Amino acid sequence: MESTDANLCKHPPLLISAMRALVLSDIHGNLAALETVLERTRGEYDELWCLGDIVGYGPKPDECVALIMERAAFCVPGNHDLAVLGKLDTAHFNDMARQAILWTRSVLSPAHSNYLTQLDPVPVRKPELELMATHGSPRDPVSEYLSDLCVAKENWQLFSEKFCLVGHTHLPDIFRLWLRPAPPRAKTAQVALVEQLRAVPGQEVQLQPQAEHRVILNPGSVGQPRDKNYRAAYAILDTEHMIWGYDRTDYPVELTQGQMREARLPQVLIDRLSYGW
Ligand code: ZN
């Protein structure tokens, strides 16, 4: 845990209302993973929220966009979604990601392309839940990786909500910030304590054990996990009980890999799904 001087948070009184949201990110055209997560969480949530990168890398972009179109209360676009549309230069991507983006662009139906086009690349804000949601970070909603304490600290000052949901890193991280009264003779009235945790599958995280607590939450990736665990990642945010219910599920990886072979997607992208990197 680190401490740093800050006058970061001047909240209005709590307005949190009750809601259970299934939070999904980085599906990346992996239909078998998405369908498995939806089946496993059926009946456990009120709304589905998508943090972007529905497409890219995986073999079933149309089917994944169709499911999100039908079921998500909101979706923010990710960098791969925008690159497929030609709104982000593919020079920002490595060769294999670029090949998958170009393939996705060649197969994606006009209706699904239209859906991605109307997704606004700015954070979604829900004042009644004191929550914001974005793909990358509050500072750069499309491309910044919110992956360490340094970046988290810089981003705290750019939002005031209690909860900030992010994706993009494909890693199920939690960043917490508490404000405490500063010691005598300190230059500021409060000091901020910041920590980074890696969520553990199946272990619920209590989000608000005390007042003046803010948190950045990443549900990990449905379709291409990168924490050496191949299982599809997802989380259910319960704003009534203040619980982050992060978990993983087995899914038929070989089915997705076979579909990728048929689509002639790069072998490295096929192999990495088995290992979760
Ligand atoms: Zn992604």
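Each reported figure results from applying straightforward, stated rules to the coordinates on display, with no laboratory input. Here the structure is a predicted model, which means the values were calculated and not measured. All Cβ positions, glycine included, derive from the backbone under ideal geometry; neighbour counts span all protein chains shown.
Details
- Dipole magnitude of the chain about its Cα centre (Cβ charges: Lys, Arg +1; Asp, Glu -1), debye to nearest 20: 500 debye
- Principal axis extents of the C-alpha atoms in the range 77-234 (largest first, rounded to whole Å): 63, 30, 30.
- Kirkwood Rh in Å, taken over the range 161-277 so that all alpha-carbon pairs contribute: 16.2 Å
- Straight-line reach from K60: taking Cα to Cα under 18 Å and skipping same-chain neighbours fewer than 8 places apart, the aspartates and glutamates in range are D26, E35, E39, E70, D81, E254, E262, D271.
- Computed over neighbours whose Cβ is under 15 Å from that of N30, the net charge equals -4, Lys and Arg +1, Asp and Glu -1.
- Where only DSSP H runs of four or more residues are counted, the chain gives -8000 deg cm²/dmol as its mean residue ellipticity at 222 nm, each run worth -39500 (n - 2.57).
- Put in order of Cβ neighbour count within 10 Å, fewest first, the listed residues Y246, Y115 become Y115, Y246.
- Annotation: peptides 125-135, 230-240, 90-100, 180-190, ranked by per-residue average of other Cβ atoms within 10 Å with the highest first, follow the order 230-240, 125-135, 90-100, 180-190.
- Nitroxide proxy distance, nm - points 7 Å out along Cα→Cβ at T188 and W277: 3.9 nm
- As a proxy for reagent exposure, S221, S160, S106 were ordered by neighbouring Cβ count within 10 angstrom, fewest first; the result is S106, S160, S221.
- Charge sum, other residues only, whose C-beta stays under 13 Å from Q259's C-beta, Lys/Arg counted +1 and Asp/Glu -1: -2
- Estimated inter-spin distance, V268 and N114, nm [label 7 Å along Cα→Cβ]: 3.7 nm
- Share, in percent, of DSSP beta bridges within the range 141-252 that are antiparallel, nearest 5: 90 percent
- Dividing the Cα radius of gyration of the range 23-163 by 2.2 N^0.38 Å, with N the residue count, gives 1.05.
- Listed by chain and number, the lysines whose C-alpha is less than 26 Å from the C-alpha of K187, apart from same-chain residues fewer than 8 away, are K10, K153, K162.
- Once the convex hull of all Cα atoms in the chain is built, its volume per residue stands at 118 Å³.
- Counted charge near R42, where neighbours are those whose Cβ lies closer than 15 Å (Asp, Glu -1; Lys, Arg +1): -4
- In plain terms, the residue of V205, V76 with the fewest other Cβ atoms within 10 Å comes first and the most crowded comes last, giving V205, V76.
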